[in-house]
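Below is one structure; the comments refer to it alone.
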Ligand code: FAD
Ligand code: NAI
């Protein structure tokens, strides 16, 4: 008899794990509380945000760049309702694709809320019925939810999270965003490009904490250029809705004075938290860590040996590709293989324009760890390809070990950084040096030449075009 695996949650962690388990001959059931499969990523995260980022970038280019390319389109207009409905179509195509993959791999899909009864039995509460399922192994992939403290008076009307910001029915002319993290900057870009007055207010004195500071400063400059106003280093006290307006009070940390801001909408994007509501983990004697996550060992195994957890609900970056890799890892581990997952080389991308992407260590973390490093840098404006497309903002920054020359971190802010970062990740997986990268023939004219030039710069100031 094949091994019976139950997976809770059909986000990128859960559905990918289900497919890999099925490929390896296991009998798989996946339980999802919403009708639509795909989790946060497909329904209210990665995919819808990128759909709106693409639509708004086309509009922005039509207004600000087409003319300099010699293209006259008259007065460009946008239809906000159509943008939102195109985004819905994109979601639908993707979620239907997951349904197809479940059928193709003979994975049983059950809709309902999963709760543990014991370490070998789960209960699924659907709309009309309750089912009990036995399992040999279980993978918890229940993801995360926005983390919004009560003082923000989150009401899904005008004080909103990313979920509502992706499906507004009216265009927000004035939008305040709390949090200059990934969500704040991506959704701030969408609305600023379409002409909204966007103000981002952030607790720290910089944007994108945790990512490379030089890149973050460069990105902030270009985002200011599309009209986003930044208020940094300030602490938000409260947000309230008064009829069709929102009022936000923040304290200026330098002199303790209170300030008020007003807008049509307030998007609160100050992080997400692991989601375990309804699982009844007490039935299997599992306690959460101090951040509400499920504790696991290096094999994503909880202290209950036949129960695993992956993705946003455990420690590590809350990223779809991290959840997917953990899903595959657990499936292969259960089948008796010895899989490997390098958590130090998970790339991170911010899909603004220009994009920002990173892999490996930042300069700040190298300093903290007292690791001696050298830097190679190359500006996009010195690339022929960047001049041809008028995408000249940004640079590539390579950090390599001062002695061994091994690449320790690569940080890019610039056009197509999201795709460029994979060359760095691949080379770093094989412990390549900056010299290795600098000696690979890169096609001309491409943005990838920026990586080669930065590597040349890191290895003895050999950059050719600088
Ligand atoms: P989730 O995708 O959250 O899926 C968990 C699923 O479990 C959900 O469908 C939920 O309904 C279900 N569930 C929960 N509890 C139960 C239960 N008891 N019973 C049954 N079902 C249950 N990441 C990227 O890598 N790139 C991006 O560009 C990106 N953009 C993002 C944009 C936004 C606006 C947001 C909010 C997130 C974005 N992310 C992005 C993060 C990404 O969406 C998450 O990291 C990813 O979805 C995590 O996958 P997961 O499988 O762990 O959980
Ligand atoms: P985040 O952690 O990226 O950023 C939150 C920001 O809010 C931080 O800068 C923090 O300092 C600030 N902050 C916290 N409390 C605050 C307060 N009271 N007042 C003002 N500022 C405050 O979280 P975000 O943007 O909500 O995104 C959540 C997660 O979703 C990300 O960590 C990421 O893992 C994932 N995501 C990934 C994307 C991608 O890969 N492109 C896109 C969007 C989300």
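The values are calculated or read from the model by the stated rules, or taken from the named source; none is laboratory data. Everything numeric here is computed off the predicted structure, so don't read it as measured data. Methodologically, a virtual Cβ is constructed for each residue, glycine included, from the backbone with ideal geometry; neighbour enumeration extends over all protein chains shown.
Quick check on residue 264: is it closer than 17 Å to residue 143 by Cα and at pLDDT 95 or above? No; evaluated as a whole, the condition is false for this residue. Only one of the numbered conditions (1) touching a strand residue (DSSP E or B) at 6+ places or on another chain (Cβ under 6 Å); (2) over 23 Å from residue 54 (Cα atoms) is violated by residue 394, and that is (2). Starting from residues that are in contact with a strand residue (DSSP E or B) (Cβ under 7 Å, 6 or more places away or on another chain) and closer than 17 Å to residue 54 by Cβ, keep the ones in the stretch 183-198 and report whichever is surrounded by the most Cβ atoms within 10 Å (Cβ to Cβ). Only one residue fits best here, namely 188. Out of 429, 423, one residue alone is in contact (Cβ under 8 Å) with a residue 40 or more places away in the chain, under 18 Å from residue 343 (Cα atoms) and within 27 Å of the chain's Cα centre (by Cα). It is 429.
Within the stretch 388-420, being in contact (Cβ under 8 Å) with a residue 24 or more places away in the chain and assigned to a helix (DSSP H, G or I) holds for 388, 389, 417, 418, 420. Considering (1) modelled with pLDDT of 95 or more; (2) closer than 30 Å to residue 29 by Cα; (3) not in a helix (DSSP H, G or I), the lone condition that residue 128 does not fulfil carries the number (1).
Residue-wise test of (1) closer than 25 Å to residue 87 by Cβ; (2) modelled with pLDDT of 95 or more; (3) more than 8 Å from ligand 2 (Cβ to nearest atom).
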residue	(1), (2), (3)
159	yes, yes, yes
181	yes, yes, no
187	yes, yes, yes
220	no, yes, yes
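Tell me which residues, restricted to the stretch 144-167, are within 12 Å of ligand 1 (Cβ to nearest atom), out of contact with any strand residue (DSSP E or B) (no Cβ under 6 Å at 6 or more places or on another chain) and assigned to a loop (DSSP other than H, G, I, E, B). Of everything in the stretch 144-167, those that are within 12 Å of ligand 1 (Cβ to nearest atom), out of contact with any strand residue (DSSP E or B) (no Cβ under 6 Å at 6 or more places or on another chain) and assigned to a loop (DSSP other than H, G, I, E, B) turn out to be 166, 167. Is it true that residue 328 is away from ligand 1 (no atom under 11 Å from the Cβ) and in contact with a strand residue (DSSP E or B) (Cβ under 6 Å, 6 or more places away or on another chain)? Spelling it out, it is not the case that residue 328 is away from ligand 1 (no atom under 11 Å from the Cβ) and in contact with a strand residue (DSSP E or B) (Cβ under 6 Å, 6 or more places away or on another chain).
Residue check: residue 385 meets all listed conditions (1) in contact (Cβ under 8 Å) with a residue 24 or more places away in the chain; (2) not in a strand (DSSP E or B); (3) not assigned by TED's automatic domain parsing to the domain that holds residue 436 but one, namely (3). In this structure, is residue 374 part of a strand (DSSP E or B) and either farther than 18 Å from residue 448 by Cα or not assigned by TED's automatic domain parsing to the domain that holds residue 69 (or both)? Yes; evaluated as a whole, the condition is true for this residue. Taking the criterion of being touching a helix residue (DSSP H, G or I) at 6+ places or on another chain (Cβ under 7 Å) and away from ligand 2 (no atom under 12 Å from the Cβ), the residues of the stretch 142-157 that qualify are 142, 156.
Considering 122, 71, the condition of being within 12 Å of ligand 1 (Cβ to nearest atom) and either more than 30 Å from residue 183 (Cα to Cα) or outside the structural domain of residue 38 (by TED's automatic domain parsing) (or both) is satisfied by 122 alone. If you go through the stretch 260-276 one residue at a time, do you hit one that is surrounded by 13 or more Cβ atoms within 10 Å (Cβ to Cβ), away from ligand 2 (no atom under 15 Å from the Cβ) and under 30 Å from residue 113 (Cβ atoms)? The answer is yes, given that some residue of the stretch 260-276 is surrounded by 13 or more Cβ atoms within 10 Å (Cβ to Cβ), away from ligand 2 (no atom under 15 Å from the Cβ) and under 30 Å from residue 113 (Cβ atoms).
If you go through the stretch 303-325 and keep only what is away from ligand 1 (no atom under 11 Å from the Cβ), out of contact with any helix residue (DSSP H, G or I) (no Cβ under 6 Å at 6 or more places or on another chain) and touching a residue at least 60 places away in the same chain (Cβ under 8 Å), you end up with 306, 307. Here the stretch 46-96 is the region considered, the condition is being in a loop (DSSP other than H, G, I, E, B) and touching a residue at least 40 places away in the same chain (Cβ under 8 Å), and the residue that is farthest from residue 354 (Cα to Cα) is 78.
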